[in-house]
Amino acid sequence: MGDELSAGAIVNGTVVLPHCLLENAAVVWERGRISAVGHTPEIPAGIRPINANGRYISPGFIDLHVHGGAGADFMDGTVQSAVTACTAHLRHGTTTIFPTTTTGDAELLLQMLESCRSAAEQFAVQPGTGPWIPGIHLYGPYFAQGKQGCHDPAGCRAPDPEEYREYLASGFVRIATCAAELPGAEEFSRIFHDAGCLVTCGHSNASWTEMQRVFDVGMRHVDHFWCAMSSVPAMRQRFGPPMQGSMAEFVLMHREMSTEVIADGCHLAPELLEFAWRMKGADRLCIVTDCNRALDLPPGEYSFGHHQHGTRFRSDGRTGWASPESLASSVRGMDFMVRHMHQATTAPLHEVIRMATTTPAERAGIQDQTGRLECGLQADLLILDEDLHVRQVFTQGVSAMSTSDSPEY
């Protein structure tokens with residue numbers, strides 16, 4: 001796919017902007033970058049425009065928190081597994097992805113990091129073959145015991161500077177998670193914040209005071225709101241009376257804090273999705289998949305994390321289950337999450353799509369490259385039909401697919 005394919009135009013569509021929908025509009029790009037957006041943009045000679053026939057023209061989705069798909073988990077640690085998972089999510093409209101670690105030993109984490117870097121380099125020289133990978137999300141292993149969810153509890157540990165500095169030295173960590181109550185969490189948060197990463201707290205039973213300590217040195221995000229996180233009753237159990245604030249109250253109180261929701265219809269009921277959007281707003285709430293290797297596969301038993309060393313979970317085709325009572329990640333792509341968020345809440349469409357595009361780009365610090373349909377940014381965009389199904393995907397202006405033909409079980 002050469003440079004000649006990275007110029008193009010989509011006309012006669014409804015362009016999704018962060019603050020509104022622009023009907024009867026077009027998007028033009030040259031050399032992989034958007035060059036014009038509007039009602040009557042000039043289309044350079046030689047470009048044969050694509051007719052959207054009134055469909056939506058959207059920025060490509062950005063997933064901050066994703067573990068795998070199509071039978072592969074990023075923790076498998078091979079280039080092929082990374083490519084397989086990334087291309088599966090590309091079919092669901094994800095044009096920028098942050099492969100996400102689970103718990104595991106340092107050797108597995110380093111293998112994951114290097115395999116994802118190799119996949120990123122492969123996609124970079126062949127636009128249209130996969131999503132952009134700006135870096136990884138260092139998620140596991142710095143989780144609190146008892147809050148590990150479906151992750152292997154044996155891999156949970158406090159952050160060790162000697163260990164995590166090696167990950168940081170790769171230059172390929174863009175998001176970094178640590179439970180706020182762990183010994184060393186403040187130093188972890190400060191170091192990764194100073195390195196330009198989005199610092200998050202997740203799989204944690206932290207109190208307000210513990211959150212404040214890491215907030216003061218750079219933590220600004222909480223992973224999958226209400227899932228594997230502390231609550232006021234949990235604080236009463238930890239500390240006794242008086243009851244104390246938890247992660248949830250801290251996130252809702254502080255405007256600077258952002259968070260994310262898994263909008264698969266199984267993790268959170270509609271009223272919680274509505275509440276999160278109303279309380280944080282579309283500029284501080286992200287939609288993520290937290291998707292595992294069972295994406296696009298039939299119901300059955302699978303491995304979460306490394307195919308040999310991970311934990312087992314069951315997919316029912318709608319979500320993952322670690323046990324009959326405990327959820328285990330999701331099995332849906334970003335397109336499904338966007339559709340459900342739109343159907344289940346009163347959020348206007350442009351705000352729903354903002355939560356899957358512009359906001360994650362801003363939180364991850366890549367807003368100068370992607371996340372909006374704006375001149376100068378990468379031509380990462382989608383054509384969505386009236387039901388928000390993906391009909392065409394472009395990465396850096398190159399067509400990656402023509403239909404969303406992934407099976408839905």
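Of all residues in region 7-16, at least one satisfies being under 29 Å from HIS221 (Cβ atoms), in the same structural domain as ARG391 (by TED's automatic domain parsing) and crowded, with 17+ Cβ neighbours inside 10 Å.
Criterion first (of a type in the set (Gly, Ala, Ser), crowded, with 18+ Cβ neighbours inside 10 Å and under 19 Å from GLY104 (Cα atoms)) does ALA154 satisfy it? So ALA154 fails the test. The single residue among MET253, MET243, MET257, MET229 that is among the aliphatic types (A, V, I, L, M) and closer than 17 Å to LYS147 by Cβ turns out to be MET229.
Scanning region 78-107 for residues that are part of a loop (DSSP other than H, G, I, E, B) and acidic (Asp, Glu) returns a single hit, ASP105.
This table checks each residue for (1) small (Gly, Ala, Ser); (2) over 28 Å from ALA356 (Cα atoms).
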{"residue": "TYR164", "(1), (2)": "no, yes"}
{"residue": "GLU181", "(1), (2)": "no, yes"}
{"residue": "GLU186", "(1), (2)": "no, yes"}
{"residue": "MET211", "(1), (2)": "no, no"}
{"residue": "ARG220", "(1), (2)": "no, no"}
{"residue": "GLY240", "(1), (2)": "yes, yes"}
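Is it the case that GLN367 is surrounded by fewer than 21 Cβ atoms within 10 Å (Cβ to Cβ) and either at pLDDT 95 or above or under 20 Å from ILE57 (Cα atoms) (or both)? Taking the combined requirement at face value, the residue satisfies it.
Residues are listed down the side, and each one gets a yes or a no for (1) surrounded by 21 or more Cβ atoms within 10 Å (Cβ to Cβ); (2) assigned by TED's automatic domain parsing to the domain that holds GLY310:
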{"position": "ILE47", "(1), (2)": "no, no"}
{"position": "GLY71", "(1), (2)": "no, yes"}
{"position": "ILE97", "(1), (2)": "yes, yes"}
{"position": "GLY104", "(1), (2)": "yes, yes"}
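Looking at ALA154, ALA179, just one residue is over 24 Å from the mean Cα position of the chain (by Cα) and either closer than 12 Å to TYR139 by Cβ or modelled with pLDDT under 95 (or both), and that residue is ALA154. Scan region 193-210 and give yes if some residue there is of a type in the set (S, T, N, Q) and in contact with a helix residue (DSSP H, G or I) (Cβ under 6 Å, 6 or more places away or on another chain), otherwise no. Yes. Output the number of the condition that PRO141 fails; it satisfies all remaining conditions of (1) under 19 Å from ASN292 (Cβ atoms); (2) touching a His at 6+ places or on another chain (Cβ under 7 Å); (3) assigned to a loop (DSSP other than H, G, I, E, B). Of the numbered conditions (1) under 19 Å from ASN292 (Cβ atoms); (2) touching a His at 6+ places or on another chain (Cβ under 7 Å); (3) assigned to a loop (DSSP other than H, G, I, E, B), the odd one out for PRO141 is (2).
The values are calculated or read from the model by the stated rules, or taken from the named source; none is laboratory data. Since the model is a prediction, treat every value here as computed from it, not as a measurement. For neighbour counting, all protein chains shown are included, and Cβ atoms are generated from backbone atoms with ideal geometry for every residue, glycine included.
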